[in-house]
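The values are calculated or read from the model by the stated rules, or taken from the named source; none is laboratory data. Everything numeric in this text was worked out from a predicted model, so none of it was measured. For neighbour counting, all protein chains shown are included, and Cβ atoms are generated from backbone atoms with ideal geometry for every residue, glycine included. When the accessible area is computed, the model is the full protein with side chains, heavy atoms only, and any ligands, DNA or RNA have been set aside. Shrake-Rupley method; radii C 1.70, N 1.55, O 1.52, S 1.80 Å.
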Amino acid sequence: MQVKLGIAPIAWSNDDLIELGGETSLDVFLRDAKEIGFRGVELGNKFPKDKKELKKVLDDYDLELAGGWFSGNLLINSIEREQENLLREMERRAYCNCYNIVYAECSNTIQSKALGLSKKPILTQEQVKDYAEKYSKIHDFVSKQGFNMGFHHHMGAIFQYAFEVDLFMQYISADAGLTFDTGHFCFAGANPLVELKKHMSRVKHIHLKDVREHVKQEMLKEDRSFLESVIAGVYTTPGDGMIDFKEIIDFLKTTDYKGWLVIEAEQDPKKADPYMYSKKAYGLLQDFLKETT
């Protein structure tokens, strides 16, 4: 299978929770990622904003840029404004030979707020349809620039539950699709494999993270916020939680998916050493990828 394994820096240093790895330098993350064996990394706030500086730091560690988060505000921005913002980011990434964008709607998300997950924003069907029409236009704009953009469903955001993702997918253009995230689907109560099979033809990019079931149940029962859930350890690396990643990799082998598999498991680095956890997950995924089905 023509996939590449990547890693996100969020287990080393969390962009939304400075207390989780805020003191960890970018060099530590890049050194660890290279030493473990990953082909590439996703962006985080500690990466240089200047495109030349960004390329240099990646070249210094001989790592590819696998993509990264883009904070979208399409619910409140005009299409033209959103395109301008995307253009600036596309220029930076293209300079580094990266053409992947993880698009996440952030204008009304509660993922970084002290609100229980039950308070997540809800769109009416008509609002979903209107949003999907706008998103389809910016997706078309990005595609014409040669970029691969997948919408990132996320806990605390407008498309969290499987039925919300389904409705959104129904209304967006046929060539638009998802950044598929095993952990967010699982935390939202869905079976990641079922959702992957359902949307596989539209999957643009894949995030792999596991979920600790007992923490998940506690967070939902107590209606904790997303960030409280992260601190409590709801997420972990593949192989350390409730998700069967062997069946996910086995299914991917039957498809024509060609792209990145990125481990993106936000944890407290003082409780879960990012190097140790990521190395173990890397070995597990490599073993699954090598196995014949």
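Some notes on this structure:
- Any hit, the range 199-219, residues being touching a strand residue (DSSP E or B) at 6+ places or on another chain (Cβ under 7 Å), in contact (Cβ under 8 Å) with a residue 40 or more places away in the chain and assigned to a helix (DSSP H, G or I): no
- The listed residue being open to solvent by 10 Å² or more (accessible area, probe 1.4 Å) and of a type outside the set (D, E, K, R), out of Val165, Val203: Val203
- Boolean, Ala11 is at pLDDT 95 or above, under 20 Å from Ser143 (Cβ atoms) and either within 20 Å of the chain's Cα centre (by Cα) or crowded, with 18+ Cβ neighbours inside 10 Å (or both): no
- Some residue of the range 47-54 being part of a helix (DSSP H, G or I) and aliphatic (A, V, I, L, M): yes
- Within the range 72-99, the set of residues being under 25 Å from Pro121 (Cβ atoms) and outside any helix (DSSP H, G or I) comprises Gly72, Asn73, Leu74, Leu75, Ile76, Asn77, Ser78.
- Listed by first and then second residue, the pairs linking a residue in the range 96-114 that is on the phi > 0 side of the Ramachandran plot to a residue that is charged (D, E, K, R) and surrounded by fewer than 19 Cβ atoms within 10 Å (Cβ to Cβ), with Cβ atoms under 9 Å apart and 6 or more places separating them unless they lie on different chains, are Asn97/Lys55; Asn97/Glu64.
- Once the range 118-138 is narrowed to residues that are in contact (Cβ under 8 Å) with a residue 60 or more places away in the chain and open to solvent by less than 10 Å² (accessible area, probe 1.4 Å), the residue that is nearest to Glu222 (Cα to Cα) is Tyr135.
- Answer from Phe159, Phe151, Phe141 - the residue that is in a loop (DSSP other than H, G, I, E, B), aromatic (Phe, Trp, Tyr) and either open to solvent by less than 60 Å² (accessible area, probe 1.4 Å) or closer than 30 Å to Val57 by Cα (or both): Phe159
- Lone qualifier among Asp244, Asp175, Asp273, Asp287 - being open to solvent by 20 Å² or more (accessible area, probe 1.4 Å) and under 17 Å from Gln2 (Cα atoms): Asp287
- Every listed requirement among (1) within 21 Å of Gly44 (Cβ to Cβ); (2) in contact (Cβ under 8 Å) with a residue 40 or more places away in the chain; (3) part of a loop (DSSP other than H, G, I, E, B); (4) not polar (S, T, N, Q) is met by Met242 save one, (1).
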